[in-house]
Amino acid sequence: MDKNFNYSSLKLGIIGGGQLGKIMSQKAKKLGFHVTILDPTPNCPAAQVSDRQIVAGFYDKEKLEQLVKECDVTTFELEHVDTEVLKKLYDQDYKIFPSPYVMELIQDKYEQKKLLDEKGIAVPKYKKVESKDDLKSFGLPVIQKARKGGYDGKGVMLLRDENDLNNSIKADSFIEELVDIDKELAIIVARNIEGEIAVYPVVEMLFDERVNICDIVMAPARISENLEKIAKEMAIKSIEILDGVGIFGVEMFLTKKGEILLNEIAPRPHNSGHYTFESCATSQFEQIIRAVTNLPLGSTKLISPSVMVNLLGEEGYEGEPFIEGIHEALEIPELSFHFYGKKETKPFRKMGHITVLSEDLDEALKKALKAKDILKIRGSKKYE
């Protein structure tokens, strides 16, 4: 859309109404846009702050078409959607970003990795699984990944020995060498319709090993300037290869040999970018709205180092969520608390997050870990 477009009347469609869609909608409303959410859950988190909701699943072709045709621009808060109907609409010049073709490629983690590898991006050694024998191609242990449908640790399996082979993923999959990881890194990259790119600081992710979910994000990452430069250049090149428009979470491994390998790309706001809400001049949530509506991209300057901690549903609880420790946690200086408005908690479900700012990253981490110990999200139903 050109600079003469009447932005005051812009209608934005967002496919997906969870916590990411909620904050995206809030930022779009700040810019004055009308926002319609498509999500199967009535009054989902994003619908609570939007103008309208279409209650429908992400593979409902008729409702997806309705959303796209009613809106000037359509974007996503998740990648698991029906791309076939969206490709047809995109080919008819409806504005859908990232393009459904990019979404389709990223949905298949094997094809995503294959393309990046062919274009010269360093990735872990990988191989498509076509028979049970292929699982042992790199020896054991090895990582097995489902080609489609995986997120937040789902669809990933560590095969340690021969016994694990019997419990391997049965869906279409590929294997990946078990990388000797020093740190897990991530970078948020934004690119608008004109090809303007903005890249955020490199961050360091720490994972909850029980369920392989991102637990803590430290901004900036504790790495050298040279490694930061290499990581940023790799992230930018990857998004240019995809010809992506929107915001992308680029996950990487820093090996103990000092190499940087690209793990995978998410075509939407990413958990590793939640810190940008308080810590950067422009948050990832405002940046995606700017990118897909072809507005100039905002500054990615880090205003303050920070530590973000995900608040996960406590193990052994489900049902209506209850937040424990919020009064004590909010007494911690420079702490921000976000609750996503989900009506039901489950073990390890992402229910909210906190961000702690400090000029001293170690001090921010210390405060964040204190808050993590205080804050608990339990449910109305307890089970053993």
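You will find that of Asp180, Asp117, the residue that is more than 30 Å from Thr282 (Cα to Cα) and exposed (fewer than 15 other Cβ atoms within 10 Å of the Cβ) is Asp180 and no other. Of Val217, Val211, all but one fail to be assigned by TED's automatic domain parsing to the domain that holds Val245, assigned to a strand (DSSP E or B) and at negative phi; the exception is Val217.
Among what's in region 207-228 and is over 15 Å from the mean Cα position of the chain (by Cα) and surrounded by fewer than 17 Cβ atoms within 10 Å (Cβ to Cβ), pick the residue that is farthest from Ser299 (Cα to Cα). Here the answer is Arg210.
If Asp72 passes every condition in (1) closer than 25 Å to Lys109 by Cα; (2) surrounded by fewer than 23 Cβ atoms within 10 Å (Cβ to Cβ); (3) touching a Leu at 6+ places or on another chain (Cβ under 6 Å) but one, which one does it miss? Against the list (1) closer than 25 Å to Lys109 by Cα; (2) surrounded by fewer than 23 Cβ atoms within 10 Å (Cβ to Cβ); (3) touching a Leu at 6+ places or on another chain (Cβ under 6 Å), Asp72 comes up short only on (1). Look through region 134-152, keep the residues that are among the small types (Gly, Ala, Ser) and surrounded by fewer than 16 Cβ atoms within 10 Å (Cβ to Cβ), and return whichever of them is farthest from Leu105 (Cα to Cα). The residue in question is Gly139. Might you let me know whether region 185-204 holds any residue that is in the same structural domain as Ile236 (by TED's automatic domain parsing), part of a strand (DSSP E or B) and among the basic types (Lys, Arg)? There is at least one residue in region 185-204 that is in the same structural domain as Ile236 (by TED's automatic domain parsing), part of a strand (DSSP E or B) and among the basic types (Lys, Arg).
The residues of region 367-384 that are assigned to a helix (DSSP H, G or I) and of a type in the set (Lys, Arg), listed by number, are Lys367, Lys370, Lys372. Among the residues making up region 117-135, those that are under 22 Å from the mean Cα position of the chain (by Cα) and more than 19 Å from Asp172 (Cβ to Cβ) are Ile121, Ala122.
The listed residues are Leu116, Leu89, and the only one of them that is at pLDDT 95 or above, closer than 30 Å to Pro45 by Cα and not assigned by TED's automatic domain parsing to the domain that holds Gly313 turns out to be Leu89. Scanning region 118-155 for residues that are on the phi > 0 side of the Ramachandran plot and in contact with a strand residue (DSSP E or B) (Cβ under 8 Å, 6 or more places away or on another chain) yields a total of 3.
Being touching an Asp or Glu at 6+ places or on another chain (Cβ under 6 Å) and surrounded by fewer than 19 Cβ atoms within 10 Å (Cβ to Cβ) is a description that applies to Ser380. If only residues of region 124-133 that are part of a loop (DSSP other than H, G, I, E, B) and of a type outside the set (S, T, N, Q) are counted, the one that is surrounded by the most Cβ atoms within 10 Å (Cβ to Cβ) is Pro124. The residue that is surrounded by the fewest Cβ atoms within 10 Å (Cβ to Cβ), counting only those in region 17-42 that are more than 17 Å from the chain's Cα centre (by Cα) and within 15 Å of Lys342 (Cβ to Cβ), is Pro42. In region 31-48, what count of residues is obtained for those that are modelled with pLDDT under 95 and under 18 Å from Ser9 (Cα atoms)? Total meeting the criteria: 2. Region 1-103 holds strands (runs of 3 or more DSSP E) entirely within its bounds, and those carrying 1 or more residues that are under 20 Å from Ile288 (Cα atoms) and in contact with a His (Cβ under 6 Å, 6 or more places away or on another chain) map to 11-15.
Across region 159-177, the qualifying residues are those that are exposed (fewer than 14 other Cβ atoms within 10 Å of the Cβ) and among the charged types (D, E, K, R), and the one among them that is nearest to Lys113 (Cα to Cα) is Lys170. Restricted to region 307-363, the set of strands (runs of 3 or more DSSP E) holding at least 1 residues that are under 19 Å from Gly17 (Cα atoms) and touching a Phe, Trp or Tyr at 6+ places or on another chain (Cβ under 7 Å) comprises 350-357.
Of all the criteria given as (1) touching a residue at least 40 places away in the same chain (Cβ under 8 Å); (2) hydrophobic (A, V, I, L, M, F, W, C); (3) in contact with a helix residue (DSSP H, G or I) (Cβ under 8 Å, 6 or more places away or on another chain); (4) over 21 Å from Leu311 (Cα atoms), the one not satisfied by Ile23 is (4).
The values are calculated or read from the model by the stated rules, or taken from the named source; none is laboratory data. Every value quoted in this text rests on a predicted model; they were computed, and no experiment measured them. Note that we place each Cβ from the backbone using ideal geometry, even for glycine, and neighbour counts take in every protein chain shown.
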